[in-house]
Amino acid sequence: MAIKKPVRKIAPKTSVKKHSSKASATAKKPAKKAAKQPKGKKYVYIFGAKTEGNASMKNLLGGKGANLAEMCLLDVPVPAGFTVSTECCTDYYEGGCKLPAVLTSQVLSALSKTEAVMGMKYGDPENPLLVSCRSGARKSMPGMMDTVLNVGLSTATIPGMIRKTNNPRFVWDSYRRLVMMYADVVMEKAEGLEPAAGKGIRKLMDEVLDQFKHARGYKADTELTSEELQQLASEFKKLIRQHLGKDFPDDPMAQLWGGIAAVFKSWNGKKAVSYRRIEGIPDEWGTAVNVQAMVFGNMGDTSATGVAFTRDPATGDNKFYGEWLVNAQGEDVVAGIRTPSPINNDTKNEQNKHLHSMQEAMPETYKQLNGIRVKLEKHFTDMLDIEFTIQEGKLWMLQCRVGKRTGTAALNMAMDMLAEKLIDQKKAVMRVEPKQLDELLHPIIDPKTEKDVKPLVKGLPAGPGAASGELVFTAEDAVAAARAGKTCILLREETNPEDVEGMRAAVGILTARGGMTSHAALVARGWGKCCIVGAGGLHVDAANKTAKVAGSDIVLKAGDVVTLNGTKGHVYTGSLPMMDATENPRFQKFMAMADKFRTMGVRTNADTPADAKVARAFGAEGIGLFRTEHMFYGEGSDQALFLLRKMILSTTLDERCKALNELIVFVKRDIKATLEAMDGLPVTIRLLDPPLHEFVPQSAEKQAELAKALGIDAAGIKKRGEDLHENNPMMGHRGVRLGITYPEVTEMQVRAIFEAAAEIIQTGKKCKPEIMIPVTCDMNELKNQKVLIARMHDAVAKEKGLKQIPHMVGTMIEIPRACLLADKMALESEFFSFGTNDLTQMGFGFSRDDIGGFLQDYLDKKILAADPFQTIDQEGVGQLIRMAVQKGRSTREGLKVGICGEQGGDPASVKFCYKTGLTYVSCSPYRVPIARLAAAHAAIEG
Ligand code: PEP
Ligand code: MG
């Protein structure tokens, strides 16, 4: 995507303009200077002067740095600067948190080039250049790492800055912002200080600021005078000395190095680490630091700052969508401190329609911005999220990156851009992340009910779908509620990155302040989580955990149940009925397109005819796992369960056969209905694999009932139950072992399958039963069971007058020994299906039922990168799988191989399965579309 085109030198207007000729002259020198650079790695890449990076260098320059460079190459106005690479961050950590020595000269050289282009000098008392230090990882991590603005303001540079701008208020405001941000980010967070809640330096400064305003009767920061801001800055500096035991650095160079190191340190800050855990971003990627000339949106009413999306990120509509604030710095928009104004008429809504749009207030600049929007979108062929600043009427672009979007928007944009011929079908398929589909299939409030209820308050529709739960007011409460198995809605005045764990734990997020680009909105949208922001009608009292609803006596308390419609921005009291998102024809079309690229099959794990129907509607191409024992749970299964218990507690062959004869009716009924529901598609029916003790009745009443049926007393039942007790049931008398000890149990099930299949065939319909033997570890187990299966097949075929009943016999591969001996297992098996739940359990030696006790520690201490029961451990368990596939196919060419463990619906695992050559993956019905898309992505990626 890099554009190879002659480098353009930016000739900035305003105060910078008169220096542009000098800038050009200086910019000719780099070739000579580069030769003088010390030997060693190149860590610094400049942009805006002789731009050295481009959009393809994201791994090295981070997303922000790479795209700043690309925008420069496209002649878009970008303040000059340089990027310190992610590699430098990694080396910084490897070197024991020390900046590499070679960095000094590289930064100084890049800084002098930036100075030349901008026509200002860093630290110069007359014409000072100020810079920002911003993070920028390969993958965007909104708000998770730190930024310092206005770096370079000091007692030496302030007077020159005031003379230059003739705006002392602006300079002192910039200075107090620098002091606040620097103390918080560089002097506290980066130093690893963790003050008690409410005692952080930023909070203390905010309190001083509030007292200052309160004492003077001010409401907004903008009312503070120049002198007051100066006084405030010196108060802040005193606070820093008192609380952090150090002085705020007055040397611009010390500020710059502090800023660079602090951004690197923020990569390992608490919130960044927990965000990486959730998003699966590797720790070793590191962040880049972008040092860029400051431009100011807070220089008065001809200055402004804003963020925008080239299309609507919530719906995908092809409309320029954004927010802006006059006389403000960027952080004011994103932090949700002031409710921003709409950028244009298309962005207006109920909450902000009275505010002036940029289109109305600065039509010319808006036109220029819209032109850049079109240019960038055409170049990047995707929806972008852009940040801009207007300094005294001059527009500057500060960032552009591929914008986060809801699943609905992703789908709509992919289909629209395909129709606009901006992208081809392959790209369109790749534009929707498999896990985003989850959100398209999210529940919505039943529209019939919703039209008759009045919202309690309204806000902005920031995250899709609907959610209902108990209100909580802090992130900690949200985490605690989720742990207690409750669904909760996190209500905050506004969220900040510290809330991220709570936001994850809640089913929905609601904020009283902030716009569509606020922290809450960005994070929720990235996750596809239901979210409403800027519900201004709520007055949140976080300390007392209440929220008053404006214009009413209603006060919401912790524990009150509310329902959110995140697609409309409506909040309702109580729990409203939900329904699945209706069939969306665009979704169907998209999935059909994805299927054209997919080569691996997708089946479902379904235990009932009802599940089978749902899964087929989602596109399942068969059942990969029908767990026979599951038919004994749930609705209407009482009688079958009773008979199963009777069979399990039988102690003689005679008793057991009697119970089995009664049981077969139920087993056959469910198998037949499921085969019918799948209408000729393959159905893998796994023979019973019940942990026996789970089926022993616990209640006295059920025990008595069973005792009566078996003609023994209750004490006898208890005793038989105790006899079945195993110390380690997961490795006990389960799976094939049951069929080896009690052949009649296998015979009953196999008879049920063959009779069901024969009856379907006799009505002229097709069916494809696949008999799967579980928990095997040796080919002799298979040989043993296959004799029974063949005998039963012949018997039933004869009884039904059929030559044969089509079927296959295969095995689950879920014990490491079975992987090691897969070549032998394949001799007796027509197919394999990896039971990765048990294979992970036995591969790791982690009990699948008890991992909750230590998993979090393993993740926190970075011993494991992810929960191996959710996503296949490709390094370890993956090796077993690869080996089994290869060995299995060495003795049985074309062996059909699938997976039916929980990981079968996880996109990363699906990609692994594709690469390993599996025939299909099988997952729960609602994950079928996700697996289909992940398999299509895998095929496209190759
Ligand atoms: C497995 O072990 O992965 C599997 C699918 O079987 P179950 O979860 O029933 O043990
Ligand atoms: Mg298993």
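The values are calculated or read from the model by the stated rules, or taken from the named source; none is laboratory data. Model, not experiment: these values are computed from the prediction. Heads up, the Cβs are rebuilt from the backbone with ideal geometry, glycines too, and the neighbour counts pull from every protein chain shown. The accessibility values were calculated without ligands, DNA or RNA, using every heavy atom of the protein model including side chains. Shrake-Rupley method; radii C 1.70, N 1.55, O 1.52, S 1.80 Å.
Residue 512 falls short on exactly one of the conditions (1) out of contact with any strand residue (DSSP E or B) (no Cβ under 6 Å at 6 or more places or on another chain); (2) open to solvent by less than 40 Å² (accessible area, probe 1.4 Å); (3) among the hydrophobic types (A, V, I, L, M, F, W, C); (4) farther than 21 Å from residue 438 by Cβ, and that condition is (1).
In region 856-868, which residue that is outside any loop (DSSP other than H, G, I, E, B) and among the charged types (D, E, K, R) is farthest from ligand 1 (Cβ to nearest atom)? The residue in question is 860. Residues in region 682-712 that are part of a helix (DSSP H, G or I) and away from ligand 1 (no atom under 16 Å from the Cβ): 700, 701, 702, 703, 704, 705, 706, 707, 708, 709, 710. Only one entry in 502, 534, 559, 551 is on the phi > 0 side of the Ramachandran plot and in contact with an Asp or Glu (Cβ under 8 Å, 6 or more places away or on another chain), namely 559. Being more than 13 Å from ligand 2 (Cβ to nearest atom), touching a residue at least 12 places away in the same chain (Cβ under 8 Å) and surrounded by 15 or more Cβ atoms within 10 Å (Cβ to Cβ) is a property that residue 833 lacks. Within region 85-98, being at pLDDT below 95 and of a type in the set (A, V, I, L, M, F, W, C) holds for one residue alone: 97.
A count restricted to region 733-766 and to residues that are farther than 19 Å from residue 811 by Cβ and either open to solvent by 10 Å² or more (accessible area, probe 1.4 Å) or free of Cβ contacts under 8 Å to residues at least 24 places away in the same chain (or both) stands at 11. Could we say that residue 874 is at pLDDT 95 or above, in a loop (DSSP other than H, G, I, E, B), open to solvent by 10 Å² or more (accessible area, probe 1.4 Å) and more than 16 Å from ligand 2 (Cβ to nearest atom) here? It is true that residue 874 is at pLDDT 95 or above, in a loop (DSSP other than H, G, I, E, B), open to solvent by 10 Å² or more (accessible area, probe 1.4 Å) and more than 16 Å from ligand 2 (Cβ to nearest atom).
To keep it simple, each residue is scored yes or no on (1) more than 16 Å from ligand 2 (Cβ to nearest atom); (2) surrounded by 23 or more Cβ atoms within 10 Å (Cβ to Cβ).
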residue	(1), (2)
772	no, yes
781	no, no
792	yes, no
805	yes, no
827	yes, no
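Before we move on, is residue 509 touching a residue at least 12 places away in the same chain (Cβ under 8 Å), touching an Asp or Glu at 6+ places or on another chain (Cβ under 8 Å) and of a type in the set (A, V, I, L, M, F, W, C)? Answer is no for this residue. When 840, 919 are checked against the criterion of being more than 20 Å from the chain's Cα centre (by Cα) and more than 16 Å from ligand 2 (Cβ to nearest atom), 919 stands alone in meeting it.
One line per residue, one yes/no per condition, for (1) among the β-branched types (Val, Ile, Thr); (2) out of contact with any strand residue (DSSP E or B) (no Cβ under 6 Å at 6 or more places or on another chain); (3) under 25 Å from residue 172 (Cα atoms); (4) part of a loop (DSSP other than H, G, I, E, B):
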residue	(1), (2), (3), (4)
259	no, no, yes, no
265	no, yes, no, no
268	no, yes, no, yes
271	no, yes, no, no
278	yes, yes, no, no
290	no, no, yes, no
298	no, yes, yes, yes
305	yes, no, yes, no
313	no, yes, no, yes
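In the condition set (1) within 17 Å of residue 816 (Cα to Cα); (2) within 16 Å of ligand 2 (Cβ to nearest atom); (3) surrounded by 23 or more Cβ atoms within 10 Å (Cβ to Cβ), residue 869 is compliant with all but (3). Only a single criterion out of (1) surrounded by 23 or more Cβ atoms within 10 Å (Cβ to Cβ); (2) away from ligand 2 (no atom under 16 Å from the Cβ) is not satisfied by residue 852, namely (1). The criterion of at least 2 residues that are over 24 Å from residue 485 (Cα atoms) is met, among strands (runs of 3 or more DSSP E) falling completely within region 505-571, by 538-541, 546-549.
Summed over region 913-933, residues that are modelled with pLDDT of 95 or more, in a helix (DSSP H, G or I) and open to solvent by less than 10 Å² (accessible area, probe 1.4 Å) total 3.
Within region 809-825, how many residues are under 19 Å from residue 894 (Cβ atoms), touching a residue at least 40 places away in the same chain (Cβ under 8 Å) and either open to solvent by 50 Å² or more (accessible area, probe 1.4 Å) or away from ligand 2 (no atom under 16 Å from the Cβ) (or both)? The qualifying residues number 3. For the subset of region 415-434 comprising residues that are of a type in the set (Asp, Glu) and closer than 25 Å to residue 929 by Cα, which member is least open to solvent (accessible area, probe 1.4 Å)? Restricting to residues being of a type in the set (Asp, Glu) and closer than 25 Å to residue 929 by Cα, the top hit is 416. Is it the case that region 396-414 has a residue that's open to solvent by 50 Å² or more (accessible area, probe 1.4 Å), in contact (Cβ under 8 Å) with a residue 24 or more places away in the chain and more than 32 Å from the chain's Cα centre (by Cα)? No. The set of residues in region 122-157 that are among the charged types (D, E, K, R) and touching a strand residue (DSSP E or B) at 6+ places or on another chain (Cβ under 6 Å) contains only 134. It is to be established whether one or more residues within region 849-859 are farther than 14 Å from residue 831 by Cα and aromatic (Phe, Trp, Tyr). Yes: one or more hits.
The condition (being over 20 Å from residue 536 (Cβ atoms) and crowded, with 24+ Cβ neighbours inside 10 Å) is satisfied by just one residue among 481, 505: 481. Among the residues of region 243-255, those that are open to solvent by 70 Å² or more (accessible area, probe 1.4 Å) and at pLDDT 95 or above comprise 247, 251.
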